[in-house]
Amino acid sequence: MEHIGVAVIGGGQSGLATAHALLRRGLRPVGLEASDRTAGSWPRCHDSLTLFSPARYGPLPGLPFPGADRDRYPHRDEVVAYPTAYAGHLEADIRTHQRATSVRRAGPESEVALDGGRPLAARAVAAASGAFERPYRSALPSLEEFAGQVLHAADHRSPAPFAGGRVVVVGAGNSAVQIAAELAATARVTLATRGPVKFAAQRILGRDLRFWTALTGLDTAPLGRFLPRPPAQPVLDGGRYRTALAAGQPDRRAMSTGTDGTKLIWPDGEREEVDAIVLATGHRPDPPYLAPLDGALDAEGNPRHREGLTTDAPGPAFVGLDRQHRLSSNSLRGVCRDAERITRRPATHLPRR
C-alpha cells in the first residue's frame, strides 16, 4: 500500500485550490480525480453558460484567466479549459481516473479505497469534490408520474432538442432563468417558481457587482454560517432577463400542483400538455466515500462540519461547500481562501517535504 501525506479527493477547482494551498505549506498532496480531466463539474454545464463574475475575479492563485479583457464574463468552454491548464501549472501529483470509493480510519492514517486501483494510506484527507456533484431534484407533486421528458439542468446542453416544443423550467436562480430565456427563442417556455423571480443588478455605477463586494469586504467576510439563506438567490442581470420575463419570453407561473400523463396541472386547474420539464433546482455535495467514517455525514449524506473542519481532529476537511465559511465559498473566486484556511490543520502535524 502506498503511504502519502494528504489525499485530496477531487480534481476540480476545489481540489486544485487545496493542492495549491498544501504545496505552499511545504506538503506533498496527492490529488484523486474520478474523471479523465481536472475540470470538475464545468463540462456538465449547458453550452451557453457564462460566468456571472468577470475574469479578473475568477482565477485561482498564480494563474489568471487567459485573454486581455479582464472584465469579460468567461463562457463555459473557457471555464472548462482553465482548471486543466491550472493543473499543469501546479507541481502537484494529481491522478485522473482515480475514483475514491471509501475512506476508513486505520490507526493514525486513513485508508482511501480506489475503484479498480490500489488503496492509499493517507495521514490526512481533504474532501474537495465540491458542492455540484449531486443534482438536486425538487420534490414536485406527482413528478414521478409525469409521462413526458424530465431532466435536470445538469443534463441540459442546448435548445436544439426542444425546438418547437412546450417546455417548463423549474427554478428561480441564475441557471434557471438563463436556460429558460435561451429555450424561449425556439420553444414555448414557462418558468415555474414558488414566488416572484428576484433580480440584482449585474453592474452598479459602471462596475460589476463583484467590484463592490470586494471593495466592501463582503465577499471575503466570514458570514457564510450567519446570514440567512434566501429561498432563491437573486438573479444577476444587466437587464436582459428582466426584459425577457416582462415580455413573456419565457412567461412565469406559480409551481404546478400535479400531473396527468403528459399534462401539468396548474394552480388554477388548467391541464396543459407539456413535452419536457427541466429541473434547474441546484446541486448538493456528494461525498459517499466518507460514509464509513462515523459522524462525517448526516442522515441525508451531507457533510457535517464547522466552516470546513470536522470537530473530530482526525476527520476529513472539506473544501468548496456552499457557504462553508464565506458567501463565495463554492465559487472559483472564493474557494482558494477556504483552501488556505483548512490546510492549516494538516500543516501543524505532518512533516514537510
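The values are calculated or read from the model by the stated rules, or taken from the named source; none is laboratory data. Quick caveat: nothing in here was measured; it's all calculated off a predicted structure. Please note: Cβ atoms are built from the backbone with ideal geometry, for glycine as well, and neighbour counts cover all protein chains shown. Surface accessibility is based on the protein's heavy atoms, side chains included, excluding ligands, DNA and RNA. Shrake-Rupley method; radii C 1.70, N 1.55, O 1.52, S 1.80 Å.
Apply the a/c threshold of 1.5 to the C-alpha gyration tensor of region 162-317 and tell me whether it is rounded, prolate or oblate.
Note, shape of region 162-317 comes out oblate.
Counting only protein heavy atoms, what percent of the accessible surface of the chain is carbon or sulfur at a 1.4 Å probe?
Of all accessible area on the chain, carbon and sulfur atoms account for 51 percent.
Considering the options 277, 177, 59, tell which one lies farthest towards the positive end of the dipole of the chain, charges being +1 on Lys and Arg and -1 on Asp and Glu at the Cβ, about the Cα centre.
Checking the options against the dipole of the chain, the answer is 59.
Order these peptides, 171-183, 3-15, by their mean beta-carbon neighbour count within 10 angstrom, highest first.
3-15, 171-183
Quick one: helix 76-89 against the long Cα principal axis of the chain, what's the angle to the nearest 10°, folded into 0 to 90?
For helix 76-89, the angle is close to 0 degrees.
Just to confirm, what accessible area per residue do you get for the chain at 1.4 Å probe, in whole Å²?
46
Please list the equivalent ellipsoid semi-axes of region 1-65, computed as the square roots of five times the alpha-carbon gyration tensor eigenvalues, in descending order and whole angstrom.
They are 26, 17, 6 Å, listed from largest to smallest.
Can you tell which of 9, 49, 81 lies farthest toward the positive end of the dipole of region 1-89, using +1 and -1 charges on the Cβ of basic and acidic side chains (Lys, Arg; Asp, Glu)?
Highest projection toward the positive end goes to 9.
Report the charge-dipole magnitude of the chain in Debye, nearest 20, computed about the Cα centre from +1 at each Lys and Arg Cβ and -1 at each Asp and Glu Cβ.
1260
Taking 2.2 N^0.38 Å as the expected size of a compact globular protein, what ratio does the Cα radius of gyration of the chain give against it, to two decimals?
1.05
May I have the convex hull volume per residue, in Å³, for the Cα set of region 1-156?
146
Only four residue types carry charge here, +1 at the Cβ of Lys and Arg and -1 at the Cβ of Asp and Glu. Report the dipole size of region 142-202 about the Cα centre in Debye, rounded to the nearest 20.
Approximately 220 debye in magnitude.
Would you kindly state how much longer the chain becomes between residue 204 and residue 284 on full extension, computed as 0.36 nm times their sequence separation minus their alpha carbon distance, in nm to one decimal?
25.7 nm
Beyond 21 Å, what share of the Cα-Cα pairs of region 97-235 remains, rounded to the nearest whole percent?
When every Cα pair of region 97-235 is considered, 65 percent fall beyond 21 Å.
Going highest first, how would you order 58-64, 79-85 by mean Cβ packing within 10 Å?
Descending packing order for the listed peptides: 79-85, 58-64.
If packing is taken as the average count of other Cβ atoms within 10 Å, what order do 236-244, 280-288, 194-202 fall into, highest mean first?
Ranked from most to least packed, the peptides come out as 280-288, 236-244, 194-202.
Give me the angle, in degrees from 0 to 90, between the Cα long axis of helix 13-24 and the longest principal axis of the Cα atoms of the chain, rounded to the nearest 10.
20
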